[in-house]
Amino acid sequence: MAAPRHLLAVAVLFTAFASAAAFTDPPDGAYPYSPFPIGLLGLYHTLESPWQLSGWTFQGGDPCGEGGEPGQWRGVFCKGPSVVTINISGFGVGGWLGPDLLKFQSLTKLDMSFNSISGEIPSTLPPNLEYLNLAANKFEGNIPSSLPWLHSLKYLNLSYNRLSGIIGDVFVNMDSLGTIYLHHNEFTGSVILLADLPLSTLNIEKNRFSGYVPGSFQSILELRY
Ligand SMILES: *[C@@H]1O[C@H](CO)[C@@H](O)[C@H](O)[C@H]1NC(C)=O
Ligand SMILES: *[C@@H]1O[C@H](CO)[C@@H](O)[C@H](O)[C@H]1NC(C)=O
């Protein structure tokens, strides 16, 4: 019975390869035909491969496929073969964010709040994000001017960081964006460019804004400044 068993092993191996290839189309942060989730590896690297990210590994593997078991990469959530949510809120990780976030084409929710991530918010954010929470970290610099590329963004929480500078027209034409939290940062200048956005919620308190509060803010349901 040795020969059939050997054949079976080959068949299993082949199936494993085939499914790995199927799971790794480029939209999920991976290169085609490679079992390595390149986006996650890059992120793991810039976050300084902390122990809190259990299951994450430089050895690759498919975060959405491996053995059909979900949740092996802590904080990574999939829908079918695609990474749709990364939530490492409160994990207490440090490091910074590199350009690899752009590779998460299917990601709609990114929650990295309550960590010690520093550096600038990269201009290469996942293009299809609907929810972005980077609150309570050590981000500095300004809001990336590429933000309006995130056409689907509905919720943005950048509160409790060290962000600074003048708020330019980064939110203009972001028609889906209804909720912005920018409180507890070091932003300066006028808030006039926030005046005509179709927002339902805006919190900009505890910054260093100057000038007057636009009258149109009165139409915002929940406003703090
Ligand atoms: C992320 O996880 C935290 C803690 O488990 C939870 O409170 C929060 O709602 C989650 N965020 C998202 C976007 O699901
Ligand atoms: C913004 O994020 C911080 C940290 O996650 C959280 O405490 C706060 O409740 C968030 N704001 C809202 C109202 O979602």
Does region 58-76 hold any residues that are at pLDDT below 70 and outside any loop (DSSP other than H, G, I, E, B), and which are they?
66, 67, 68
Could you tell me how many of the residues in region 178-198 are buried (at least 20 other Cβ atoms within 10 Å of the Cβ), assigned to a loop (DSSP other than H, G, I, E, B) and at pLDDT below 95?
1
Search region 88-116 for residues that are on the phi > 0 side of the Ramachandran plot and pair each with any residue that is among the hydroxyl-bearing types (Ser, Thr, Tyr) and more than 16 Å from ligand 2 (Cβ to nearest atom) when their beta-carbon atoms are under 7 Å apart and the residues are at least 6 apart or on different chains.
95/46
Restricting attention to region 114-124, and to residues there that are surrounded by fewer than 21 Cβ atoms within 10 Å (Cβ to Cβ) and under 19 Å from residue 74 (Cβ atoms), which single residue is nearest to ligand 1 (Cβ to nearest atom)?
114
Taking region 125-175 and the residues there that are within 16 Å of ligand 1 (Cβ to nearest atom) and of a type in the set (S, T, N, Q), the one that is surrounded by the most Cβ atoms within 10 Å (Cβ to Cβ) would be 137
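State yes or no: is residue 176 more than 16 Å from ligand 2 (Cβ to nearest atom), of a type in the set (Ser, Thr, Tyr) and touching a residue at least 40 places away in the same chain (Cβ under 8 Å)?
Values: more than 16 Å from ligand 2 (Cβ to nearest atom): yes; of a type in the set (Ser, Thr, Tyr): yes; touching a residue at least 40 places away in the same chain (Cβ under 8 Å): yes.
Here the answer is yes, as residue 176 does meet what is asked.
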I'd like to know if region 204-216 contains one or more residues that are surrounded by 14 or more Cβ atoms within 10 Å (Cβ to Cβ), part of a loop (DSSP other than H, G, I, E, B), polar (S, T, N, Q) and within 12 Å of ligand 2 (Cβ to nearest atom).
no
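Tell me, yes or no, whether region 157-166 has at least one residue that is outside any strand (DSSP E or B) and touching a helix residue (DSSP H, G or I) at 6+ places or on another chain (Cβ under 8 Å).
Here is the first cut: in region 157-166, the residues outside any strand (DSSP E or B) are 158-161.
Add one more test, that the residue is touching a helix residue (DSSP H, G or I) at 6+ places or on another chain (Cβ under 8 Å), and what stays is none.
Within region 157-166 (the criterion being outside any strand (DSSP E or B) and touching a helix residue (DSSP H, G or I) at 6+ places or on another chain (Cβ under 8 Å)), the answer is no, since none of the residues qualifies.
The values are calculated or read from the model by the stated rules, or taken from the named source; none is laboratory data. These numbers were taken from a predicted model, which means no experiment stands behind them. Glycine also receives a Cβ, built like all others from the backbone with ideal geometry; neighbour counts cover every protein chain displayed.
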